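The values are calculated or read from the model by the stated rules, or taken from the named source; none is laboratory data. Note that the structure is predicted; figures quoted are calculated from it, not measured. Note that we place each Cβ from the backbone using ideal geometry, even for glycine, and neighbour counts take in every protein chain shown.
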Amino acid sequence: MNKKLTGKAKAEKALHLLICFITGIYPLLLFELDLGSFYIQSLVLFTAVMGVLLYSFLLIRSGAWRLKLFQSRLDVAVLVLTAYAFLKIIIKMIRMTETKIERFDPEIMILTMAVLYLLITVKPMFTERYLDILLFSGLIVFALLLVKYLCIGEAGGMLSILTQDNAKYASYGVASYTMLVCMAGLWRYVKCEDRLRSFFYAGVLSVGFLVMFINQNRMSIWLMIMVFIALPVLQRPTAELVKRNMQIFFIYLFMLCNMSLLANYTNLLQVTVNYDLKQSVYLELLVAVGGLFFFKFWDRIPQGVDTKRLVMRKMRRGYQFLFKLICIVFVGILLGGERWKELPDGMGMSAVKGFAVPLAEEVRQGKSAFYVCFEQLGIVGGLLILILCVLLIAGLRKSYRFDKPVTSMLVLISYIFLIQLLFWKISISILPVYWIFIVLAISYKEEKEKLVSSKIKFERGE
């Protein structure tokens, strides 16, 4: 019995180290090394994952580890996609000649993600240390990016967060990675009770926002705004959570409003960044109006109330309305496409064009991850990926619970990742990290949060 328990602990330890490696060390492979048929990053990740799988297989005889297959439709979809990828590898190896070299990156990545799915679902485990490791790793990447943005400039080439075809697609990789780090930092900040650690998380977020704005991927800027608004909707909206979320949201908007000054009136940036001063003024006015409504409601909270127990249900309904409104505006901009250029410049329409045209143009130039799947894996592979995504969405909806805060945050991260798939190709340097969080969002068994909430009656102002 003791040996069995020891074996289980060893299997869990191996998986824990693998997750720490993928979230902390793997994204630091910022160089491109093409080995001909695949990149070095694919080989490193595949080797690490298969090593843990082999170690786990050795524990089967002792009964400390066992496979869990065909327990859900998602398991079947992952298995079928894995078999298809393995078959594609065999076909490519048969067709490959000395003059024609086949690439195996897509298939290797599918096999790696499938093994990760298998390892995690056997014993789903989550600790907030994973997010801290991601934040420490993100600081290193942010520092290197800021060296490029502030010192090296365009001549230094784009730091690859990984294997992108050119500077435009490298921008998508930076945006995807920055969003993940910022979402992790936001969650750690709103839940942190230690003052010193709160300053650290706020500092990481501020640096991440600066990188995001200099990178100027407008899709990531919009999606991050949606994250701020969605957080009090998906989580239990205690006054403490709302307050801390709004603190970081204010830092985000303040930095965004002042990017035009940094880009146009200083010589700090060595890369081309375009922020219009008029748009910044309009955004500041919008922030001021929003802040007026927020503080008017916030001031009605009586003094001495425990903000960790006070659940702000009416404010949550306001966030829901605002989230729906932003989603409608966002979709409207995308559907409008290039027609936004036809708007006249008078009556404030220039500001609308300034927000809508760059976003629509960026989406038009993007290369959807689903398109890449059909391009590299064929019709069958592309359809299997689509089916997998549908099953993932169903699993996320089933896993979401209002009283499970960690799972709710993992669900939010997962939805943001799936939205990214619609608009750009995800870098293979950050794809495994997102995938880990998606699998955990579906399979992690979190205990329900027990909270005795306070109920107060707001007095109407005179």
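Tabulated results
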item	result
Residue satisfying all of: in segment 425-435; in a helix (DSSP H, G or I) and within 11 Å of the chain's Cα centre (by Cα); surrounded by the fewest Cβ atoms within 10 Å (Cβ to Cβ) among these	431
Of the criteria (1) closer than 29 Å to residue 284 by Cα; (2) at pLDDT below 85; (3) crowded, with 17+ Cβ neighbours inside 10 Å, which one residue 337 fails	(3)
Given (1) at pLDDT below 85; (2) crowded, with 16+ Cβ neighbours inside 10 Å; (3) in contact with a Phe, Trp or Tyr (Cβ under 9 Å, 6 or more places away or on another chain), number of the condition residue 294 does not satisfy	(3)
Matching entry among 270, 279, 303 (being in contact with a Cys (Cβ under 7 Å, 6 or more places away or on another chain) and at pLDDT below 85)	270
Whichever residue in segment 183-207 is in contact with a Phe, Trp or Tyr (Cβ under 7 Å, 6 or more places away or on another chain) and in a helix (DSSP H, G or I) and, among such residues, is surrounded by the most Cβ atoms within 10 Å (Cβ to Cβ)	185
All positions within segment 396-424 that are in a loop (DSSP other than H, G, I, E, B) and either buried (at least 24 other Cβ atoms within 10 Å of the Cβ) or not charged (D, E, K, R) (or both)	400, 402, 422, 423, 424
Those residues of segment 297-315 which are crowded, with 16+ Cβ neighbours inside 10 Å and in a helix (DSSP H, G or I), in sequence order	315
Residues being within 24 Å of residue 228 (Cβ to Cβ) and either touching a residue at least 60 places away in the same chain (Cβ under 8 Å) or hydroxyl-bearing (Ser, Thr, Tyr) (or both) - total across segment 246-272	3
Residue match in segment 366-381 (condition: surrounded by 20 or more Cβ atoms within 10 Å (Cβ to Cβ), at negative phi and not small (Gly, Ala, Ser))	yes
Residue tally, condition surrounded by 16 or more Cβ atoms within 10 Å (Cβ to Cβ), part of a helix (DSSP H, G or I) and touching a residue at least 60 places away in the same chain (Cβ under 8 Å), over segment 273-291	2
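The rows are residues; the columns are (1) under 19 Å from the mean Cα position of the chain (by Cα); (2) hydrophobic (A, V, I, L, M, F, W, C); (3) part of a loop (DSSP other than H, G, I, E, B); (4) more than 30 Å from residue 201 (Cβ to Cβ).
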site	(1), (2), (3), (4)
89	no, yes, no, yes
94	no, yes, no, yes
112	no, no, no, yes
125	no, yes, yes, no
138	yes, no, no, no
